[in-house]
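K.L.:
Structure in structure tokens, see below.
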Amino acid sequence: MTMDALLAPVKAFLQCETPDEWIAVACLPENLPILLIDHANCETKAAMTAHSLVRRYCLPKGKRHLLPKLDFYRELEALPEKAEVLGKRTMAEGDRSVFAELERNPLLFPMVRLIQEELHHFEQVLEIMNERGIAYEAVSASRYARGMMGAVRTHEPATIVDKLIIGAYIEARSCERFAKLAPHLDEALGRFYVSLLRSEARHYQDYLALAEQFAGADISERIRFFGELEAALICSPDEQFRFHSGCPVKTDSC
């Protein structure tokens, strides 16, 4: 599949493109450290979000301690065999019915795969930072995810549907920004960002499919609502530069 074919549904899903002004700021050499640090943070946040969804929605509250730690997810290599391995490692015989519930939940396997991939991407970003002498320092989070999460409804299944739609937008925007940034970066970093496109595009589709499944009804209005909110965050003036920040306030266009 060509890059254009891969990106076409992503661009159709998003309600705006990343402003050129953001690309110009992101490509400044002095902003490379913050770009990579925040990118690394985004990968860990994506993994933790998926992990929290598994904890919240795959098992009843009293059984969540049976879920493995994030390091355990990284040990599992053969996705078709995950259910069997997960059951054997974390469940006693008396908990087989609980594992059966886990196995039936549609969130489990897509989220475990996402966790694995996001943690792998995190490690790759850290390697790139190490090669370039960039220290992994603490940086504040952008307004982006927080701005969308503030609109999540507080009753089920509306809550999980909204969270999954937000997940779809975050992954789609990441994919779009990787593609837009790649031609403007040095060859090695540009090649790395292109290598991430396929998984990011699949992540957004996984989230969207799960949102439709949990809703059991048409969610086009809710998708449109969050699309408008996401586009507003991307296109409105933003004093902070981050991987998902809005239009830099210092440019005349903003």
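The values are calculated or read from the model by the stated rules, or taken from the named source; none is laboratory data. If you're wondering where the values come from, they're calculated on a predicted model, not measured in any experiment. Neighbour counts run over all protein chains shown; Cβ positions are idealised from the backbone, glycine included. Calculation scope for accessible area: heavy atoms of the full protein, side chains included, ligands and nucleic acids excluded. Shrake-Rupley method; radii C 1.70, N 1.55, O 1.52, S 1.80 Å.
K.L.:
Cα centroids of the stretch 202-231 and the stretch 1-62: how far apart, whole angstrom?
P.N.:
Centre-to-centre distance over Cα atoms comes out at 16 Å.
K.L.:
How far apart, in nanometres, would the label points at Gln240 and Lys11 be if each is projected 7 angstrom from Cα along the Cα-to-Cβ direction?
P.N.:
Computed distance between label sites Gln240 and Lys11 equals 3.0 nm.
K.L.:
Turning to a different aspect of this structure: Give the relative contact order (percent, whole number) for the stretch 129-232; include only Cα pairs under 8 Å separated by 6+ residues.
P.N.:
31 percent
K.L.:
Round to the nearest 0.05 the FRET efficiency obtained for Arg153 and Glu30 when R0 = 45 Å and r is the Cβ-Cβ distance.
P.N.:
Values: r = 41 Å, r/R0 = 0.91.
Efficiency computed from Cβ-Cβ geometry: 0.65.
K.L.:
Per residue, how much accessible area does the stretch 197-254 show when a 1.4 Å probe rolls over the protein heavy atoms, in square angstrom?
P.N.:
Accessible area per residue, the stretch 197-254: 49 Å².
K.L.:
Just the projected area, averaged over all directions, of the convex hull on the alpha carbon atoms of the stretch 123-216: how many nm²?
P.N.:
Projected over every direction and averaged, the Cα hull of the stretch 123-216 covers 7.3 nm².
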